[in-house]
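Here the structure comes first, spelled out in structure tokens, and everything after it is commentary.
Read-outs: derived from the displayed coordinates by stated rules, not from any lab. Quantities reported herein were computed from a predicted structural model and do not represent experimental measurements. Cβ placement follows ideal geometry from the backbone for every residue including glycine, while neighbour counts extend to all protein chains displayed.
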Amino acid sequence: MGNCCGKSEKLTAEIVPRDGARVYPTVRLHGSPKSILAAYIRFALLHREVSLDFVETERVGGNEQEGAVTLQVGSEVVSGSRETLLRFIDARFPGPSMGSGNTREDETAPLLTSLIRVQHTSMLWHVERMVRWAEDLTTRGGRKTVDPSMGTPRMEIRKFARSYSELLEIMMEHAQMEETVLFPIFDHADRGLAKAAKEEHARDLPLMNGIKEVIKSVGVLDSGSPDYQEALYSVFTRLKSLLGKCKQHFAEEEVEILPLMEALELSKEQELSALEQCFDVMQGTHSRLLKLLLEGLPSCDAMKYLDLISKCRDKEKMESMLRMIVNEFFFYRKQVPSICVGFHGSAFVTCDILLQRVSLAFRLRKQKARTTLGKAGHFLLLFSFPFPHHSLDKIQITGVKLQWRVNLTVVEIFDRLSMMHYDLAHSCT
């Protein structure tokens with residue numbers, strides 16, 4: 001391993017990648033804390049992971065809901081409509097489009113179709129995350145070695161149970177929303193059109209509730225017992241079954257039912273009214289778990305969901321949701337400014353190549369990253385982590401420490417870290 005096997009007991013100086021990520025100047029956003037537009041733009045900038053300074057101003061200019069918003073980056077100053085500001089963000093901070101270039105299909109898609117598809121995307125991502133976590137738990141079994149990030153096996157099971165309970169709550173409200181708002185619209189046009197979808201909801205409910213009960217049973221078992229291992233495997237197989245059923249059910253709805261929405265020829269008033277009813281039904285989760293829903297979305301879909309929220313005519317409720325989203329993500333960013341993850345050197349990948357791959361991963365994210373070579377072939381990777389959903393499945397890192405199985409992709413590492421967003425700090429000595 002060459003230099004990777006140095007005997008130094010202390011970390012060496014920071015290794016700066018030759019073609020490291022660009023560091024952007026601080027963005028100053030001037031706007032009213034009550035402005036819908038200001039909240040929207042703040043959220044867009046969060047996805048760019050830039051340093052943001054929000055300067056509160058009185059709500060002047062524009063209409064009551066929008067308010068005047070100005071962006072300042074160095075000597076550049078931009079103000080105007082939402083589209084103008086998003087185009088500036090897309091041009092100034094390259095990355096996935098924030099929605100300034102929506103396709104014609106996006107613009108003409110019925111509101112309910114967009115809502116359902118975006119929620120499906122998030123729920124599917126979270127179910128896949130739970131499957132991977134359950135698989136990892138099963139692989140590790142009930143080891144007594146404590147991982148500082150997750151605590152003892154029993155502590156990790158509690159976190160796992162909480163994550164699944166929150167996801168289950170979102171999925172249950174989503175099903176209730178479809179059954180009380182979406183399906184009646186189709187049944188009114190053609191009785192029985194949504195019958196199969198409703199039957200699938202009833203079919204999957206025992207499986208979803210059963211998983212929750214098995215997780216509870218795991219929490220009271222001795223982590224070293226055969227029963228514990230068997231129960232963990234049961235959780236994994238049931239979650240895997242749920243994932244397959246979700247994929248099939250969501251695909252059937254999106255292929256067989258949602259395309260008929262346009263044929264219903266709902267008026268704009270009827271569309272808006274139905275959209276508002278959907279948010280009313282899901283008020284319980286949207287008042288507490290909206291951040292979780294958005295975490296399962298790529299940036300373009302997250303912004304699309306904010307677009308749907310902003311169409312609600314109850315401006316007080318809509319402003320409340322937007323402010324809550326922004327405040328939660330900003331608070332989370334302040335609480336967890338960085339993560340330090342330790343990696344072993346690998347016989348198959350030299351440290352040099354490994355560092356280059358990590359640098360490439362973060363260039364793709366337009367993300368500032370620091371790598372520091374440590375003793376015995378370890379090195380530390382420091383990065384900020386406000387959003388877990390990033391597609392970097394081409395980047396491979398081998399020999400991950402922290403009791404994770406080897407050959408994890410960066411995406412899997414981010415997924416694993418997102419499971420413990422309440423306790424992310426690590427250190428390697």
**Message:** My understanding is that a pair violates if its Cα-Cα distance is over 29 Å; which of K159/K315; K159/K240; K268/K317 do that in this structure?
**Reply:** K159/K315
**Request:** Taking H placed 1.01 Å from N in the peptide plane, check which residues at least 5 places from F54 or on another chain put their amide H under 5 Å from its amide H.
**Result:** L29
**Message:** Let me check against my output: what whole-number percent is the relative contact order of segment 104-297, with C-alpha pairs under 8 Å and at least 6 apart?
**Reply:** 42
**Request:** Only residues of segment 211-228 count here: report those whose backbone N is under 12 Å from the spot 7 Å along Cα→Cβ of R154, or say none.
**Result:** 219-224
**Asked** By how many nm would the segment from Q176 to S287 lengthen if fully extended, with 0.36 nm per residue of separation less the alpha-carbon distance?
**Response** 38.3 nm
**Dimensionless Rg over Rh [segment 104-297; C-alpha; Kirkwood]** = 1.05
**Message:** So, R0 is 41 Å and r is the distance between the beta-carbons of L168 and S75; what FRET efficiency does that work out to, to 0.05?
**Reply:** 0.25
